[in-house]
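Before any comments, here is the structure.
The values are calculated or read from the model by the stated rules, or taken from the named source; none is laboratory data. Small disclaimer: the values here were computed from a predicted structure and weren't measured. For the accessible areas, the whole protein counts, side chains as well, though only heavy atoms, and no ligand, DNA or RNA atoms are used. Shrake-Rupley method; radii C 1.70, N 1.55, O 1.52, S 1.80 Å.
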Amino acid sequence: MQTRLMDQNPLPEAISGRLRDQLTFIIEIDKLKTVLRQSPLAAARRRENDAEHSWHLGLMVVLLAEYANEPIDIGHTVQLVIVHDLIEIYAGDTPLHMADDGQEERERAAADELFAILPADQGAAIRALWDEFEARETPEARFAKAMDRFQPILLNWMAKGGTWEAHGASVDKVLRRTAAIEDGAAVLGQAREQICAESVRHGWLAPEPADS
């Protein structure tokens, strides 16, 4: 079991029950601000953290919902993107190009522990949002995943290569691993292809291997 932040300075004993559990969770997820992603910021020379990423996706959902392949509930989709990376507080960030066979097991174990901090009804509701995002079986989840895949492309474009150059990524690999964008927003999938093609032209993204 993880050491909780609230253990460092417990709340007054008069705060108890449901409210105590909720506040303990709210403090615990402050850890999200410390989980660094691979993507560079557009506005500063540092990597973004998971909390910044989740906020950015939430605003993207509001602004870009008109491009969803299917009608979506914007509020529900915002909930999905706000919740989707919370488990990385315990599981850590796994970059797209470094996914491994143990990732799913680590993340599910993290979800079990983290969401159990909340009162049972709220823990189940937040867990359901996380499960929905992972399953990508609803229009909202497909669009949320599209935002999750599209945002790093914008950041790497602004960094003139960013993690693409750092990891020697090829355009075919980037397109293949961001194919979920098409499932949620075909228009943004086309924009992804245009950004990647122009990035190849600039030398920020490697062209397809000769034997592909």
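Karplus-based coupling profile of the stretch 58-72, in residue order and whole Hz: x, 5, 4, 4, 4, 7, 10, 4, 4, 9, 4, 5, 10, x, 10, with θ = phi - 60° in 6.51 cos²θ - 1.76 cosθ + 1.60 and x standing for Gly or Pro. Cα centroids of the stretch 158-175 and the stretch 108-154: 26 Å apart.
How big, in percent, is the set of alpha carbon pairs in the chain lying more than 31 Å apart? Working shown, then result.
Details: 5413 of 22366 pairs.
For the chain, the share of Cα pairs beyond 31 Å comes to 24 percent.
Protein heavy-atom accessible surface, 1.4 Å probe, per residue over the stretch 64-174: 45 Å². Per atom type, the stretch 64-192 shows carbon and sulfur on 52% of its accessible surface, probed at 1.4 Å. Judged by the gyration tensor of its Cα atoms, with axes a ≥ b ≥ c, the stretch 76-156 is oblate; a/c meets the 1.5 cut and b/c is at least as large as a/b.
Surface listing: 24, 3 arranged by accessible area from highest to lowest gives 3, 24, probe 1.4 Å. Along the stretch 116-133 the Karplus relation, 6.51 cos²θ - 1.76 cosθ + 1.60 evaluated at θ = phi - 60°, assigns HN-Hα couplings of 6, 5, 6, x, 3, 5, 6, x, 5, 5, 5, 4, 4, 5, 4, 4, 4, 4 Hz to successive residues, with x for each Gly and Pro.
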